[in-house]
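A.B. asks: Take this structure, written in structure tokens, and hold onto it; I'll ask about it next.
The values are calculated or read from the model by the stated rules, or taken from the named source; none is laboratory data. Note that this is a predicted model, so its numbers are computed, not measured. Because the Cβ atoms are built from the backbone with ideal geometry, glycine has one as well, and the counts that use them run over all protein chains shown. All accessible areas refer to the heavy atoms of the entire protein, side chains included, with ligands and DNA or RNA removed. Shrake-Rupley method; radii C 1.70, N 1.55, O 1.52, S 1.80 Å.
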Amino acid sequence: MTYKERFRLIGSLPLSLILILTFALSASAEWKEKVLYSFQGLPNDGAYPVGGVVFDTAGNLYGATGWGGASVMQCPGIAQCGIVYELSPPTEKGKPWTETVLYVFKGVNYNDGNTPQGGLIIDQVGNLYGTTAYGGSGPCELFGGRSGCGTVFELIPPKEKGGKWTEKVLHSFQSGKDGYFPWGDLTFDSAGNLYGATQFGGGYGNNCDTPYYQYCGTVFEVSPPKAKGGKWAEKVLYAFKSGDDGAAPNGGLVFDREGDLYGTTEYGGDTADNCGGGNAFIGCGTVFELTPSTKHAPWTEKILLHFRTDASMGGNPAAGVIFGPNGDLYGTTYWGGQVPTRDSGTVFKLSHGMGGAWKETLLHSFPFAGFGGFSPEAGVSSDSRGNLYGSAAGGGTGFSGTIYRLQPLAIGEMAWTYGVLYDFQGPPDDGHYPASALITDKAGQLYGTTFNGGTGSCQDGSGCGTVFALDPPVAQQKTRMPICLGSARKRPIQLEVQLRLPVPTLARRLRD
């Protein structure tokens, strides 16, 4: 059973990973990691951060956790409600960062969202936007009780310092032809519209985890009101059909300069095998492009890549794609890879080929349970030199996941060098299970989250999760390179800080 399936069914959290060791070289011993904050869980804090973090212009970090923050009784049928948090940098060097809980979700009994399943994005005036997997006014049920179908929410900062943030539900998903169970980060366009994905709903497909969840997912748009005080409007841009089409789309969509939208589906695309999916899910996943249509018509979909049944080039992507500086698409898969390391994940590139076709190139196969990391749940980020940075959820010398870098050789991009920047060591002193993409600050530090680890006492002692920073070597800080995700239509908030990263989905799979 995958971690996502456990989460959907409100099952237990991961207890362990069975590891087989292989050797991997460290890219640099000079990168230094620091835990900025360890979540503590109930009763007063969040637990298990979802997605990465984003900056505001003052250098504060924002994110969400999938659990914690409220009594279980406020979220019946769902494991606690989750929070939105702020981390403020210290005023004196060497002092700890300060966490503030900005909002605790109230759950379905209040028609509010609960259980966020993606990171946040931030607009030019500091409003935060995100999604919750459950809650809202929708009719979805789990185990005989209404759980809600998920929400899109906005969190508005106070007008006066020290005041309360205000939450507003922009859309409650309704299932059926509408989507439900939104997953991953949202994305802005230049007009302020929000775009995201739901794992289920849309009205098409019949093999996507029935009976608990119907249909195979959507890409949606939520548009701001035309008049002050009006309601935001949601519409489904595309509904996936499974089979040769994709199923269960991931969030973290990205625009090109022409306004086309790109993303991945975790399943679908190949009916001959289920790759690593198992259970009701079929197919190895896809990379897709959506082209805007007329005002009232669905967008037009084009499948750029069907991940193959044998998974030698990867299968079942767990996060979206990004554009590199050269216009190629880059992403990761949770499963697949070339023999003998198959089934531990890949990093891939898609480039324009002849006749409009896209060509896939395998950049790296992760060795199962290796010191170099394996099973990436997050996508990658890119700097101006074309280097890729990402997190691998498992493996490493501490058996708790890694942060890695892929560098193209100067003679071309056919050969890449892979190196580990940091090995997580696990609780209580360090994070465990990194499942977020990364952002950077002006000094070139990398920031992200780990799903477990830290000093918090959650579940079986695996920790409640952390936010961390990774400092580059001094020489690299002097020649730092801003991370770039290549979307031409996102709103900038800060020159070297991104609003959207392909989101990591929480933990995915137990190996047994």
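A.B. asks: Positive end of the charge dipole of the range 317-386 (Lys, Arg +1 and Asp, Glu -1 on Cβ, about the Cα centre): tell me which of PHE348, PHE374, TRP358 has its Cα farthest that way.
C.D. replies: The residue sitting farthest along the positive end of the dipole is TRP358.
A.B. asks: What distance in nm lies between label points placed 7 Å from Cα along the C-beta direction at LYS226 and ARG385?
C.D. replies: With each label point 7 Å from Cα toward Cβ, the separation is 5.0 nm.
A.B. asks: Also, I was wondering about something else. With each pseudo-label sitting 7 Å past Cα toward Cβ, what's the VAL101-ALA58 distance in nm, one decimal?
C.D. replies: Simple spin-label model gives 2.1 nm for this pair.
A.B. asks: Right, next: Using a 1.4 Å probe and counting only protein heavy atoms, arrange CYS275, CYS208 so the residue with the most accessible area comes first.
C.D. replies: Heavy-atom accessible area, descending, gives CYS275, CYS208.
A.B. asks: A further question on this structure: Quote to one decimal, in nm, the extra length available between GLU30 and LYS235 on full extension: 0.36 nm per residue of separation minus the C-alpha distance between them. Write down the numbers at each step before the final one.
C.D. replies: Details: separation 205, 0.36 × 205 = 73.80 nm, distance 4.82 nm.
Between GLU30 and LYS235, full extension yields an extra 69.0 nm.
A.B. asks: Set the Förster distance to 30 Å, then compute FRET efficiency between VAL474 and VAL125 from the Cβ-Cβ distance, nearest 0.05.
C.D. replies: Values: r = 36 Å, r/R0 = 1.19.
It comes out at approximately 0.25.
A.B. asks: I've got another one for you. How large is the direction-averaged shadow of the alpha-carbon convex hull of the range 51-172, in nm²? Working shown, then result.
C.D. replies: On the way: hull surface 31.2 nm².
Taking a quarter of the hull surface, the average projection is 7.8 nm².
A.B. asks: A further question on this structure: Sequence gap at least 6, Cα distance under 8 Å: using those rules, report the relative contact order of the range 165-273 to the nearest whole percent. Let's see the in-between values first.
C.D. replies: Numbers: 275 pairs, mean separation 25.7, N = 109.
Answer for the range 165-273 is 24 percent.
A.B. asks: Of VAL101, VAL474, which has the most accessible area with a 1.4 Å probe, and how do the rest follow in descending order? Each step should come with its number before you reach the end.
C.D. replies: Working: VAL101 50, VAL474 95 Å².
Ranking VAL101, VAL474 by accessible area, largest first, yields VAL474, VAL101.
A.B. asks: In debye, nearest 20: dipole of the range 366-443 around its Cα centre with unit charges on the Cβ of K, R (+) and D, E (-)? Intermediate results must be reported in sequence, preceding the final value.
C.D. replies: Working: 3 positive and 7 negative charges, 40 e Å.
Here the size comes out at about 200 debye.
A.B. asks: Also, quick follow-up: Per 0.36 nm of contour for each residue apart, how much would the distance between ALA191 and ASP260 grow if the chain were fully extended, relative to their Cα-Cα spacing?
C.D. replies: Numbers: separation 69, 0.36 × 69 = 24.84 nm, distance 1.45 nm.
Computed gain between ALA191 and ASP260 is 23.4 nm.
A.B. asks: Sorted by packing (mean other beta-carbon atoms within 10 Å per residue), highest first, where do 232-240, 392-400, 429-437, 442-450 land? Kindly include the intermediate steps, with their values, before the conclusion.
C.D. replies: On the way: 232-240: 20.2, 392-400: 25.2, 429-437: 27.8, 442-450: 22.2.
Output ranking for 232-240, 392-400, 429-437, 442-450: 429-437, 392-400, 442-450, 232-240.
A.B. asks: Okay, next question. For TYR110 and LYS295, FRET efficiency with R0 = 45 Å and r from the beta-carbon atoms, rounded to 0.05? Could you put the intermediate results ahead of the total?
C.D. replies: Details: r = 35 Å, r/R0 = 0.77.
Result of the calculation: an efficiency of 0.85.
A.B. asks: Obtain the nm distance between the two label points defined at THR455 and LYS359 by a simple spin-label model: each point lies 7 Å from its Cα along the Cα-to-C-beta direction.
C.D. replies: It works out to 5.3 nm between the two label points.
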